[in-house]
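Taken together, the values in this text are just the output of simple stated rules run on the coordinates, not laboratory data. Note that the coordinates shown come from a computational prediction; the quantities given were computed from them, not determined experimentally. Cβ: placed from backbone, ideal geometry, glycine included. Neighbour counts: every protein chain shown.
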Amino acid sequence: MARYTGPKTRIARKFKEPIFGPDKWMERKPHAPGQHGLTARRRKKESEYKLQLTEKQKAKYTYGILERQFRKMFVTAASKKGVTGAILISLCEARLDNTVFRLGIAPTRRAARQLVGHGHITVNKNVVNIASYTLRPGDEVAVRERSRSLEAITSSLSTHTNRFDWLDFNPATMTGKMIAMPERAQIPENIREQLIVELYSK
């Protein structure tokens, strides 16, 4: 299963956002990585292409998706009716690993991917170990019965407070449901998806 395994704080500092979750080192060094941060490059005007590429990289790192799969998702989004960029982000949100993270079953997307890969998560009562599995409205996501006592899961749920309009979750049964595909306005990620569309449309 392909995934990014490099340094997380360096990437977060590059985008000036804790895209991998809370990071104490990000707080200590909020400037860009490198000996002098952006000092040496401050006078250079960023090109349109660089802005577009940076936004695409931010989205890929945020959701833990590599280039080939991300491009396929763009092609799928472009083939649907509606705003391509918004549909693309919505498809990213509908991934199983992201949904496990949003429900609070895992503290980060990386942890959610691991839970899915190890067979701790079911979709419609069937074990699914594919992190990129795309959920549809009405799908039920749950923690496998024999995995409900795992400390990693109970600890994450005990500290989770965020709730999202497109998801419903029952902490007692550790079962969630996708009510609808999320609208772009409901998704909190700071991603300028139109720049990604412009990049892929060249």
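Taking amide H positions as placed in the peptide plane 1.01 Å from N, state which residues far from Leu167 in sequence (5 or more) or on other chains have amide H under 5 Å from it.
HN-HN under 5 Å from Leu167: Ile179.
Got a sec to turn the phi values of the range 67-83 into Karplus ³J(HN,Hα) couplings, 6.51 cos²θ - 1.76 cosθ + 1.60 with θ = phi - 60°, whole Hz, x for Gly and Pro?
Per-residue couplings from phi come out as 4, 4, 5, 5, 5, 5, 5, 5, 4, 5, 5, 5, 7, 9, 6, x, 7 Hz.
Using the count of nearby Cβ atoms within 10 Å as a rough guide to exposure, how do His160, His118 rank from fewest to most? Intermediate results must be reported in sequence, preceding the final value.
Values: His160 17, His118 12.
If I rank by nearby Cβ atoms, fewest first, I get His118, His160.
Got a sec? Charge dipole of the range 95-180, +1 on Cβ for Lys and Arg, -1 for Asp and Glu; which of Thr159, Ile179, Thr122 is way out at the positive end?
Thr122
Got a sec? Which residues in the range 86-119 would a label at Thr159 touch, if it sits 7 Å along Cα→Cβ and we count backbone N under 16 Å?
101-112
Find out how many positive minus negative residues lie around Gly104, taking Lys and Arg as positive, Asp and Glu as negative, among other residues whose Cβ is under 13 Å from that of Gly104. Write down the numbers at each step before the final one.
On the way: positive: Arg102, Arg109, Arg163; negative: Asp168.
That sum, taken over residues with Cβ under 13 Å, equals +2.
Please list, in order along the range 165-182, the HN-Hα scalar couplings obtained from phi with the Karplus expression 6.51 cos²θ - 1.76 cosθ + 1.60 (θ = phi - 60°), rounded to whole Hz, x for Gly and Pro.
Once θ is set to phi - 60°, the couplings for the range 165-182 become 4, 8, 10, 10, 9, 10, x, 5, 9, 6, 10, x, 9, 7, 6, 7, 5, x Hz.
Under a 5 Å amide H to amide H cut-off, with H placed in plane at 1.01 Å, what residues pair with Tyr133 once short-range neighbours are removed?
Leu96, Asp97
How far is the Cα center of the range 103-175 from the Cα center of the range 72-96, in Å?
The range 103-175 and the range 72-96 have Cα centres separated by 22 Å.
For the residue pair Gln57 and Asn124, what label-to-label distance in nm results when each label sits 7 Å from Cα along the Cα-to-beta-carbon direction?
3.9
For the range 90-196, give the magnitude of the charge dipole about the Cα centre (Cβ charges: +1 Lys/Arg, -1 Asp/Glu; no others), in debye to the nearest 20.
Values: 14 positive and 11 negative charges, 47 e Å.
Here the range 90-196 has a charge dipole of around 220 debye.
If I take all pairs of Cα atoms in the range 95-180, what percentage of them are more than 23 Å from each other?
So the pairs more than 23 Å apart make up 7 percent of the total in the range 95-180.
Please compute the modelled spin-label separation between Lys202 and Lys50, points set 7 Å along Cα→Cβ, answer in nm with one decimal.
The modelled label-to-label distance comes out at 1.3 nm.
Applying the Karplus parametrisation 6.51 cos²θ - 1.76 cosθ + 1.60 with θ = phi - 60° to the phi angles of the range 105-122, what ³J(HN,Hα) value in whole Hz is obtained for each residue in order, glycine and proline being reported as x?
5, 10, x, 9, 5, 5, 5, 5, 4, 5, 4, 5, x, 8, x, 8, 10, 10
Show the residues, 5+ positions off or on another chain, whose built amide H is closer than 5 Å to the amide H of Thr175.
Asn170
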